[in-house]
Every structure is written in C-alpha cells, then in structure tokens.
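A quick write-up on the structure given underneath.
What follows is calculated from the coordinates using simple rules that are stated; it is not laboratory data. This one's a predicted model, so the numbers in the text were calculated from it and none came from an experiment. Reconstructed Cβ throughout: ideal geometry from the backbone, glycine too, with neighbour counts over all protein chains shown.
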Amino acid sequence: MRRRDLLAAIGMAVPGALSGRSSSAAATDSVRPRRLGLAMVGLGGYGRLVMERTRGLPQIEITGMVSGNAERAAATAREYAMGSDAIYTYENFDRVAEDERIDAVHICLPVGLHAAFAERALKAGKHVLCEKPLAASSADARRLARLAAERALVLMPAYRAWFSGHVQEVRKRVAEAVHGELVAVDAHKGFRMQLPAGNWRFDPKLAGGGCLYDIGVYSVQLCRWIGGGMPMRVSAMTAHAAAAHWPDSIEDHVAFTFEFANGAIATGSASWRHRLQNRLHVATHDAWMCLDPATPVIGERLTLGLERPNRIEEVLLPVRDQLPAMYRHFADCIAGRATPQVTAEDGIDDLRLMEAIYASARARRVVEIA
Ligand code: NDP
C-alpha cells in the first residue's frame, strides 16, 4: 500500500480499495477498516511468539516475514496461510518497498541489527515497530528518529510494558500524588541466564550490552516513567561472571541509582545471575505500591500498603494482555486515530540512560545527564 493511501485505507472505509480480494471480502471491507499489514523481521523465539499473539486481532494482520532461515520461514508461512511471495530474506528485504500488502514491520532481531533494518524499512516507506532497545546506541536511535520524522512514518519502540494497566495505575497515582509525594522507586528484573555459548546475547556487536540491554531496559523505563522523566544524575556498578563464554563487556549484573529533580531517588537492577525476579516498588509519603510481577506480558499484581488506615490490600484491575494493546495503539497511530504514547524519544532517552549507567560503572563516578 502506498503511504498516501494508508490513512484512507485503515482509518476509514474504502469500498473495493484493496486489490486481490474477493467481492464479498471487499463488501466487508466497505464497513470495516482494513487491517494494518505487518511483516515480522526475524522469526526467533520472540518473533514467533508475538506472531502467535497477533492472530485474530481486528487491527493488524501478518502479511509478510523476513528471515534467514528458509525452512522455518516456509513452515511459518504455511501456518499463517501466506504465499511464498510474502517471504523475504535479509538480502532482498528492501523489496518490501514494492509490496503493497506490507504497511509496517516489527523488528525482532538481535539488538545490534535493529538500527540497520529499521533504517532500511523506513527507506522502503514502511512504519516501524522495533524491539527493545530501539538501537545499540542513542546516536543510532536519533538517526532513526530523524529519518522517520522526515518521511512522516511512525517509529515506535515495542515497549509493551507501557500498555500494562497496572503500570499505568501506579504512574497515575504517583503523578496525581494520590498517596502523597513520591520518595523512591525500585525496579528489579533478573533471571539465571542459561543460553549456550555462541548466542548473540554474548556477542557485544549483536547484543549492544549485557543484561542491562536485555532486561535492564525494563528497570530503566519503569524508573523513568514513575520517576517523572529524565533524572539529573546517574550512578551505577556492573559485575561480570566468571563464565568463559561471554566477554568482559557483557555484564551479568548491574545496579544503578537515578536522582530526579523532584527529589525522588530510583534504584534499579538487572541480573542474569539470580532466581527470577520482576518487581517494582514505589514509596510515597503515605503509602507503598508493589507490582510483583511487574512486567510479565500478562499477569501483573499490584499490592498497596497504606498508613491510614493501616492495611495492605491487593488492587484488583482488569486483566489486560499488553501485546494486543500495543499493536492496537501502533495501528491507531499510523491511521491517525491516536497520538503516539510511546515514541522514538522514549527509546532514545532509555539508551542515553543506559549509556550513562555504563559510563558511571566504568569511571566509578556519578554521571550528570544534560
Ligand atoms: P532469538 O535468538 O530467539 O531470535 C533472533 C532471530 O533474529 C533469529 O532467530 C534470526 O531469525 C534473526 N537473526 C538475524 N541475524 C541474526 C544473527 N546474526 N544472529 C542471531 N539471530 C539473527 O532472539 P529473541 O527472539 O529472543 O530476541 C529478538 C529480539 O526480541 C531482541 O531485540 C530482544 O531484545 C527482543 N525480545 C523482546 C522481548 C519482550 O518481551 N519485548 C522478549 C524477548 C526478546 P531467522 O532465523 O528468522 O533469520
């Protein structure tokens, strides 16, 4: 689909606007907006999981895939009833520019490849949803943001945690000072890393960083979202396991503190060393809120500890799967039905903070954020 047609096609009913469909399908399209056509780039563990989660979504459908594994791509195409002409390789990826079935791509590649493929997709005129972190460096992420802006395309980091009703509830209560002013944020995420030697997560070029880039980005974004924006100062320490199969630049434990202009202090960590932990704790003047688990795809639990009356209670909120909510928002932004809530700027800010964390750990000093 050409970009100039896109708003019309997915934002409103366009009778018979879609080629290659039966007249009955076109008749249905005349009352229902066309779904956003999405190509999945990288059919690894997460790429295939999110494809599975898009099945049956009213706003989006998988209309293409990009893979270096011909056998897996063919099997996945059969599973999703796609023709072989919907399969692209990393070499011929740029040809998606001519494919009118593909409006956008979701990049599920190793982090070090995000920027190169996001750039190629934007140059092909496609909107981009990119896995976390947005790029391996803030400079790369800025370049992508400029390119997307020049071409009036949506570039969104796939920050699914933003679409958690529980995270939003905590944000809202903090922003509105429902329980008094914010004092502290603690965000911790970790698990015992068991991937074998040779995995891209242990290759600095492909991974961008260690556990901080892999899962610490969640701790960083929660601290920033709840803390109220960019902190003024960052300090951090990293640790490296004795494991022979990853290099010294790939840390397996990191702890950091952020100091905010509003006086709040955040502490965060990420680890590949300890038992599964996924927790957000927020202390305000009159209460504490604990999300545990904090950022699973689905299944967060929020506990509130109050002072007056003195009690601990679970805050029951509707169960919401973050992935459909994220895809719906992405499609709505492209169609002009919504203002982007998660932007490339968020991706850039988190990369700036992760770079400051590494800089602080290396120099063993506090780093000021401009
Ligand atoms: P996997 O290793 O399972 O898959 C990565 C895929 O990338 C491969 O299967 C391959 O797909 C493709 N690829 C292309 N070039 C290379 C290369 N040189 N080395 C290795 N793989 C390559 O990783 P994940 O699926 O776990 O992670 C992919 C992305 O998803 C990452 O950015 C990660 O941060 C993100 N992620 C996000 C999660 C979330 O909750 N938001 C959870 C997990 C991961 P193919 O075989 O089709 O060519």
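Some points to look at:
- Of the residues Pro318, Ile298, Val105, the one whose Cα sits farthest toward the positive end of the charge dipole of the chain, with +1 on the Cβ of Lys and Arg and -1 on the Cβ of Asp and Glu, is Val105.
- Per the Kirkwood formula applied to alpha carbons, the chain shows a radius of gyration over Rh ratio, Rg over Rh, of 0.99.
- Derived scalar couplings ³J(HN,Hα) [segment 195-209; Karplus, 6.51 cos²θ - 1.76 cosθ + 1.60; whole Hz; x for Gly, Pro]: 5, x, 3, x, 5, 4, 5, 9, 10, x, 5, 8, 8, x, x
- Ranked by the mean number of other Cβ atoms within 10 Å per residue, highest first, peptides 153-164, 355-366 order as 153-164, 355-366.
- Dipole of the chain computed with +1 at Lys/Arg Cβ and -1 at Asp/Glu Cβ about the Cα centre; of Tyr218, His114, His253, farthest Cα towards the positive end is His114.
- Farthest positive-ward along the chain dipole, Cα basis, beta-carbon charges - from Ser360, Ile265, Gln194: Gln194
- Placing +1 on the Cβ of every Lys and Arg and -1 on the Cβ of every Asp and Glu, with nothing else charged, gives segment 237-290 a dipole about its Cα centre of roughly 220 debye.
- Charge dipole (Cα centre; +1 on Lys/Arg Cβ, -1 on Asp/Glu Cβ; no other charges) of segment 97-219 amounts to roughly 140 debye.
- Using only side-chain charges placed at the Cβ, +1 for Lys and Arg and -1 for Asp and Glu, the dipole size of segment 180-245 relative to its Cα centre rounds to 140 debye.
- Under Karplus coefficients 6.51, -1.76 and 1.60, residue-wise ³J(HN,Hα) of segment 300-306 in Hz, glycine/proline x: 5, 10, 10, 10, 10, x, 9
- For Leu36, nonlocal amide neighbours, meaning residues 5 or more places apart or on other chains whose placed amide H falls under 5 Å from its own, are Ile60, Glu61.
- Candidate lysines for bridging to Lys205, where Cα separation is under 24 Å - those fewer than 8 sequence places away on the same chain excluded: Lys123, Lys132, Lys189
- For segment 169-322, the Kirkwood estimate of the hydrodynamic radius, built from every pair of different alpha carbons, is 16.5 Å.
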